[in-house]
Amino acid sequence: MRRKPYNQPDYWQPFTQTEDTSQWVAGLDSQLKQADQQADVPLSAHKGRLRCCLTPNSFWLLYTLGESGQVAIRTCYDPQTLQGYRLGKKTKTSVEYLIDGALGTFQVTVSWPGDDALLHYTTTLTPHQPFSVQAFPRDLYLLDGQFNPITTEGMVYVTQSGPTSGLAYLSVTKPLEGSLVYFQNFTALNPYFQATQTEPSDTVKAHWPEVGFALPSSEHPLEAEQAVVLSDAFIYLSETVPASEFEAADQFMAAIACVYRQLPRLETTYYDWRKAAERTIDALTESPHCGRRIRQQYYLNAYVDATNKPPESMVQLAILVPLWEYQTWGERPIPLVEALQKSLPTFYDKKQETIMRWLPGGTFTEENRSEEQDPNKIDSWYLLHTLMNLSRLADKGDTKAKELLFSSLEFVIRAAHHFAYDWPVFYDIRTLDVVKAETEKGKGGELDVAGLYTHVMVQVYELTRDERYLDEAVKSAERLRGKGFELLYQTNITVMSALTLAKLWKLTGNRLYFDMSRLSIANIMARMWIWAGDFGFGQVRSTFLGVAPLNNAPYLAAYEEAEIVATMINFLKEVGQDVPDPIRLLLSEYMKYLLHRGRFYYPSELPAEMVCQAPREGRIIRELPMPLEDMPTGWKQAGEVGQEVYGGALAYILTTYAYKRFAPVPVVVFADYPVYQAEYQAEHKDSGYVIIRLAGTADYTCRVRLLAKSRELPTVRLLDDADPTNTPLKPTETTRHYADYTVPGNKQLRIEWDRS
């Protein structure tokens with residue numbers, strides 16, 4: 001594919017036209033010109049015309065806008081022959097086609113569901129006899145008015161990476177202008193993945209002019225006379241080509257929210273994260289598998305029983321900072337907080353004038369070290385993440401943490417200037433020489449680390465009000481521009497970038513930073529797993545709406561997801577009513593499903609055969625309440641990386657953010673949507689009320705559970721604060737200890753309690 005700028009030399013997105021193609025493109029134009037049974041689809045199309053036709057081995061939908069361009073959609077494929085099609089059931093918004101082929105009978109249902117911009121088609125096959133799937137084509141082709149793919153040109157912004165959502169986002173600029181988002185609903189294909197023992201990673205691609213989903217091949221056959229869904233695709237259509245990466249981000253997020261509203265709403269169950277938090281803290285404090293003593297100091301291991309490398313500063317802070325917040329939430333001291341605080345200064349290296357990753361003087365005992373196991377080598381994100389957490393402690397009044405932060409600050413500023421805010425993967429902490437420049441060849445370094453540096457500089461500015469640090473933040477933020485959907489290297493870092501860019505917008509008044517923050521969130525949405533993998537081990541555990549820790553990681557990770565959800569909530573609070581609906585919806589739903597599925601990170605919650613017994617790091621102790629680092633798709637065991645001690649923060653991060661409690665109030669309020677604000681009024685000794693403001697959107701619901709702080713729940717009423725009738729909401733379930741409610745998002749609720 002040849003690439004050149006679109007319209008102007010500095011356009012942010014590379015330009016693509018047809019050059020090398022697959023065998024599925026050759027001769028396509030002549031086949032479609034000679035297609036049989038051409039007819040209009042009896043539905044009102046979105047500002048265009050929708051037709052269907054038959055070629056010897058495919059049934060097609062043809063969407064045209066004007067006379068110069070069209071999208072050809074191969075809804076079903078039979079390598080031998082298709083004999084014809086007939087109309088089946090029809091409604092106002094959908095039509096069904098039945099197609100007879102050598103493989104069996106195909107059923108293709110086409111609809112414009114709810115939104116005129118969204119085309120939906122589902123293909124189901126009932127095989128005549130068992131057969132195994134080999135080499136099926138993709139389903140979308142970008143053509144001109146004469147069915148020629150060679151003349152079309154445009155841009156591909158983002159496609160599926162590993163097990164992320166089955167999406168592709170692109171624009172066409174020739175022969176006409178427009179954009180589309182393709183989304184394959186993998187949830188509907190679970191029976192196919194189960195029967196064929198396949199999974200959908202890397203099955204949706206864009207190789208101009210071909211786009212879309214190709215069925216994964218398998219030696220395991222589909223059963224005869226057993227109907228199976230082969231495709232459940234949505235296409236979001238727009239006549240607009242975004243003029244900037246920020247317009248692209250907004251268009252993409254609007255499309256994903258539009259598609260998401262058409263997907264089945266999966267049920268959630270309540271999990272007691274408060275109990276999980278207490279079990280976790282006990283283990284972190286007392287278990288010899290979680291920590292060790294070195295020179296009278298207590299250090300946590302990164303993984304259970306992983307003592308073959310020195311303690312790491314990031315690990316201590318990843319546990320300590322949210323534990324401090326949990327301690328404040330619970331209104332009682334936790335001894336582990338003080339123990340970890342005392343050990344932090346031992347990571348400082350006076351010679352290098354910075355806090356180090358590895359405990360100075362520590363030794364590595366492994367024969368085969370990984371690339372980061374070098375005391376003189378620093379991963380760019382790592383030092384900044386450590387400084388970010390030191391800054392959080394300093395903001396809470398920890399003077400030792402503040403001293404460590406400012407003692408390391410000049411080093412990291414010098415490094416930022418040395419790299420011109422464009423951070424490599426690894427560099428030598430002694431010389432700043434680059435050890436590893438790029439994550440992959442041609443992909444650049446850790447692109448979102450400029451956002452983490454901005455985050456640290458904004459934190460320090462808020463501590464000092466010294467304009468020098470704000471200037472540093474602004475200079476670094478500029479490095480995030482022009483990255484489009486390539487910005488995300490590490491998801492928790494990218495969401496921190498979104499938060500700090502929103503703060504920078506408020507501090508400077510420059511709306512560009514708000515645009516950049518939305519682009520950061522769009523990068524995260526593009527890497528979400530918006531599908532339920534109910535095949536293999538996935539029939540027991542859930543990964544729905546997860547976000548992987550890296551842009552190409554094949555698994556979800558416990559600690560990163562905890563940090564992501566906490567930062568997302570702070571982003572929503574920072575931006576407030578300016579949060580666009582697609583962001584408010586998807587981030588709120590992310591929290592809801594993490595609270596539901598987070599339990600599956602714990603090995604005790606999984607059957608033994610689903611947990612790896614030979615992890616890469618340390619070992620796995622099933623009864624120890626520490627999460628597994630990695631949760632892959634359904635055919636793989638969880639925990640191949642290891643049982644993550646610093647991932648223990650998951651339980652008490654979720655507790656701190658999902659449960660609202662106040663000292664004089666006898667009720668604890670759980671909400672699985674983010675809460676913008678929570679406040680209380682004790683009117684008398686035995687009565688009062690709590691006000692909470694929920695995130696989310698009104699067309700989606702969340703769980704609100706009112707829990708007794710002691711043995712029995714007092715008399716409670718939950719009300720919509722905007723309802724003039726003051727009618728209490730009805731609980732879906734009540735016991736002596738709690739009352740459960742299903743509540744629309746974006747509501748202000750009033751909880752009244754009375755124990756008289």
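Only the coordinates and a few stated rules stand behind these numbers; no lab work does. For clarity, every value in this text was computed on a predicted model and none was experimentally measured. Please note: Cβ atoms are built from the backbone with ideal geometry, for glycine as well, and neighbour counts cover all protein chains shown.
Loop-located chymotrypsin sites (Phe, Trp or Tyr not before Pro) across the stretch 598-690 with a Cβ neighbour count of 15 or fewer within 10 Å are Trp635, with loop assigned by DSSP. Between 0 and 90 degrees, the angle of helix 467-477 with respect to the longest Cα principal axis of the chain falls at about 30 degrees. Distance from the alpha carbon centroid of the stretch 429-495 to that of the stretch 565-610 works out to 25 angstrom. Sites listed here are GluC sites (Glu not before Pro) in the stretch 670-756 whose DSSP assignment is loop and whose Cβ has at most 15 other Cβ atoms within 10 Å: Glu712. Simple point charges give the picture: +1 on the Cβ of Lys and Arg, -1 on the Cβ of Asp and Glu, and for the stretch 68-195 a dipole about the Cα centre of about 260 debye.
Spatially, the stretch 734-756 and the stretch 337-360 are offset by 45 Å when compared through their Cα centroids.
For the stretch 415-507, applying the loop criterion from DSSP together with a ceiling of 15 other beta carbons within 10 Å to the GluC sites (Glu not before Pro) yields Glu438, Glu440.
Holding the Cα-Cα limit at 18 Å, pick out from Lys205/Lys592; Lys342/Lys400; Lys275/Lys573 the pairs that are longer than that. Result: Lys205/Lys592; Lys275/Lys573 exceed 18 Å. Reachable lysines from Lys436, Cα under 18 Å, same-chain residues fewer than 8 places away excluded? The qualifying lysines are Lys377.
Output the 0 to 90 degree angle, nearest 10, between the alpha-carbon long axis of helix 649-658 and the longest principal axis computed from the alpha carbons of the chain. The helix 649-658 is inclined about 80 degrees to the chain. Per-residue 3J(HN,Hα) values for the stretch 505-513, derived from phi via the Karplus relation 6.51 cos²θ - 1.76 cosθ + 1.60 with θ = phi - 60°, read 4, 5, 6, 9, x, 8, 5, 3, 6 Hz in sequence order (x marks Gly and Pro). From most to least packed by mean Cβ count within 10 Å, the peptides 140-149, 425-434 give 140-149, 425-434. The packing ranking of peptides 585-591, 193-199, highest mean first, is 585-591, 193-199, where packing means the average number of other beta carbon atoms within 10 angstrom of each residue.
Of the labelled options (1) 29; (2) 74; (3) 36, which one gives percent of Cα pairs over 41 Å apart as computed for this structure? The calculated read-out lines up with (3). Comparing Pro345, Ala522, Ala188 along the charge dipole axis of the chain, the residue lying farthest to the positive side is Pro345, per the Cβ-charge model. Tell me what the chain gives for mean residue ellipticity at 222 nm when only DSSP H runs of n ≥ 4 count, each as -39,500 (n - 2.57), the sum divided by the residue total, rounded to 500 deg cm²/dmol. The per-residue figure over the chain is -9000 deg cm²/dmol. For the chain, the longest principal axis of the alpha carbon atoms and the long axis of helix 380-395 meet at an angle near 50°.
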